[in-house]
Amino acid sequence: MTTREHPAPPTSAAPAPTGSAHDEQSGSAHGGKYGSAHGGLSGPAYDRHGGAAGGRLAWADVAKGGCIVLVLLWHVIMKDYLQIDWRLTVPVPGAWGTFGELLLQMRMPLFFTISGMFAAAAVHRPWRAVARSRVAKFLYLYALWLLIHTAVLAFAPDFPTDRASSVGQLLAQLTITPSNLWYLYALALYFVLAKALRRVHPAVLLGAAGTLAAVAATGLLDTPGNRGGLYQNLVFFLAGLHLRPYVLRWAQAVTGRRLLLAAAAYGIGSAVLLATDVGRLPGVAVLVSTVAVLFGIAGAVRLSWWPVVAEPLAALGRHTLPIYVIHMPVLALLHLLIADRVADLDEPARLALAFGFPFSLTVAVLALSLGVHRTLLAARAWWLFDLPARRKAAST
């Protein structure tokens, strides 16, 4: 499945897939009640199935952390790197663009699968117990950060991303055509649907959601802005929700051989989608994304065995919300500052810079986003990351 934002994402449950997920095992998908940036793995012992002492799914945090890095990398490539006039005789920028395209089928489907997994318990609670934390919170954050993005992006008019330039467009982004913050909007919408339809047989729900995703991938539905992401990822949220035992069973059964098989299937499927038009055939893109999710889970399980990799990724996985909502304005302002300067370098300097530029800028955007988050929390601007009433209630 392809979830594209110009040209072609996150959260708290993955802003873009907090994704991520509301982790029913650990309280919050962002590592602190308000997604504080100082969280991290505090030395849990990992087992060989990606679990940790205390029952937390370490591989899920690792997967979320990996996904948010890939979301940032995709935005860096498409919205900054490929917009720079590199004027090179070797196709380095094209190679980076192809690399980003190859990962399209995994990033958001994996995010939403994990989100659905950790929404399973909440779906069965009374509406009054979860409406604020699972619906109102994400709608509030979506609307608030949409206004912030709209204001900041006005200073970078040439930055290629969705932005409202009129009241009508802003209203459309608030309702039917979500902006680059669509992951937050999707989480609220998906939870309402899952809760309202919880008595419908899972096979029926997954069949309907899969059909919607398949039809959307064909281009038969009108998908302006990021509406296509809403259509194509519902099936993965519902799969995580209703097939959670099977997802956990796959994670527990991961071996090196299964990882390699999943990687090969995903690589072949993505390459075929990129090189041909078969992705527009009903069901093909959904199938490739399903394989991509299996590969992503297997890879996260194996990475969770190595603390030197698992700890930083898991720490990021618990802070996907602030990274997701802050990174786009940060990237837009950096693009405004550096794009022309890079293009004005001499050819040897541009060639040397082109190879590692997307990775370096991704690290910079990530660090700045976390730094901004820390600063906002220090300034007591916690209301930018949670419902104000929740903070008040928690402090009384």
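The values are calculated or read from the model by the stated rules, or taken from the named source; none is laboratory data. All figures in this text were calculated on a predicted structure; none of them were measured in a lab. For neighbour counting, all protein chains shown are included, and Cβ atoms are generated from backbone atoms with ideal geometry for every residue, glycine included. These accessible areas exclude ligands, DNA and RNA; they are computed on the full protein's heavy atoms, side chains included. Shrake-Rupley method; radii C 1.70, N 1.55, O 1.52, S 1.80 Å.
What is the one condition in (1) closer than 26 Å to Phe191 by Cα; (2) at pLDDT 95 or above; (3) surrounded by fewer than 16 Cβ atoms within 10 Å (Cβ to Cβ) that Ala95 does not satisfy?
Here Ala95 clears every test but (1).
Assess whether Met78 counts as being buried (at least 21 other Cβ atoms within 10 Å of the Cβ), modelled with pLDDT of 95 or more and out of contact with any helix residue (DSSP H, G or I) (no Cβ under 6 Å at 6 or more places or on another chain).
Working: buried (at least 21 other Cβ atoms within 10 Å of the Cβ): yes; modelled with pLDDT of 95 or more: yes; out of contact with any helix residue (DSSP H, G or I) (no Cβ under 6 Å at 6 or more places or on another chain): yes.
So Met78 passes the test.
What's the number of the condition Arg227 fails, among (1) closer than 17 Å to Ala217 by Cα; (2) open to solvent by less than 30 Å² (accessible area, probe 1.4 Å)?
Among (1) closer than 17 Å to Ala217 by Cα; (2) open to solvent by less than 30 Å² (accessible area, probe 1.4 Å), the lone unmet condition for Arg227 is (2).
So, in region 203-224, how many residues would count as being open to solvent by less than 40 Å² (accessible area, probe 1.4 Å) and either assigned to a loop (DSSP other than H, G, I, E, B) or closer than 17 Å to Leu104 by Cβ (or both)?
Residues flagged as open to solvent by less than 40 Å² (accessible area, probe 1.4 Å) and either assigned to a loop (DSSP other than H, G, I, E, B) or closer than 17 Å to Leu104 by Cβ (or both) within region 203-224 amount to 5.
For Gln169, only one of the following conditions fails: (1) under 22 Å from the mean Cα position of the chain (by Cα); (2) surrounded by fewer than 18 Cβ atoms within 10 Å (Cβ to Cβ). What is its number?
(1)
Tell me which residues, restricted to region 109-136, are within 26 Å of Ala214 (Cα to Cα), aliphatic (A, V, I, L, M) and either more than 22 Å from the chain's Cα centre (by Cα) or in a loop (DSSP other than H, G, I, E, B) (or both).
First, the residues of region 109-136 that are within 26 Å of Ala214 (Cα to Cα): 109-120, 123.
Next, from what is left, pick out any that are aliphatic (A, V, I, L, M): 110, 114, 117, 119-120, 123.
Answer for region 109-136, where residues must be within 26 Å of Ala214 (Cα to Cα), aliphatic (A, V, I, L, M) and either more than 22 Å from the chain's Cα centre (by Cα) or in a loop (DSSP other than H, G, I, E, B) (or both): just Ala119.
Just the residues that are open to solvent by less than 40 Å² (accessible area, probe 1.4 Å) and hydroxyl-bearing (Ser, Thr, Tyr), please, taken from region 248-286.
Correct list: Tyr266, Ser270.
In the set Trp96, Trp74, Trp86, which member is more than 9 Å from the chain's Cα centre (by Cα), over 23 Å from Asn233 (Cα atoms) and assigned to a helix (DSSP H, G or I)?
On the way: Trp74 fails: over 23 Å from Asn233 (Cα atoms); Trp86 fails: assigned to a helix (DSSP H, G or I).
Within the list Trp96, Trp74, Trp86, the selection yields Trp96.
Which numbered condition in (1) in contact with a Leu (Cβ under 9 Å, 6 or more places away or on another chain); (2) closer than 30 Å to Leu337 by Cβ is the only one that Ala188 fails?
With respect to (1) in contact with a Leu (Cβ under 9 Å, 6 or more places away or on another chain); (2) closer than 30 Å to Leu337 by Cβ, Ala188 is out only on (2).
Going by the structure shown, is Val291 within 22 Å of Leu72 (Cβ to Cβ) and β-branched (Val, Ile, Thr)?
no
Any chance region 323-345 includes a residue that's farther than 23 Å from Leu73 by Cα and in a helix (DSSP H, G or I)?
No: zero hits.
Against the definition (out of contact with any strand residue (DSSP E or B) (no Cβ under 7 Å at 6 or more places or on another chain), open to solvent by 20 Å² or more (accessible area, probe 1.4 Å) and assigned to a helix (DSSP H, G or I)), how does Ala354 come out, yes or no? Outline the logic, then answer.
Numbers: out of contact with any strand residue (DSSP E or B) (no Cβ under 7 Å at 6 or more places or on another chain): yes; open to solvent by 20 Å² or more (accessible area, probe 1.4 Å): no; assigned to a helix (DSSP H, G or I): yes.
No: the conditions fail for Ala354.
With closer than 20 Å to Ile114 by Cβ and either part of a helix (DSSP H, G or I) or open to solvent by 30 Å² or more (accessible area, probe 1.4 Å) (or both) as the only criterion, which of Val291, Val308 stands out?
Val291
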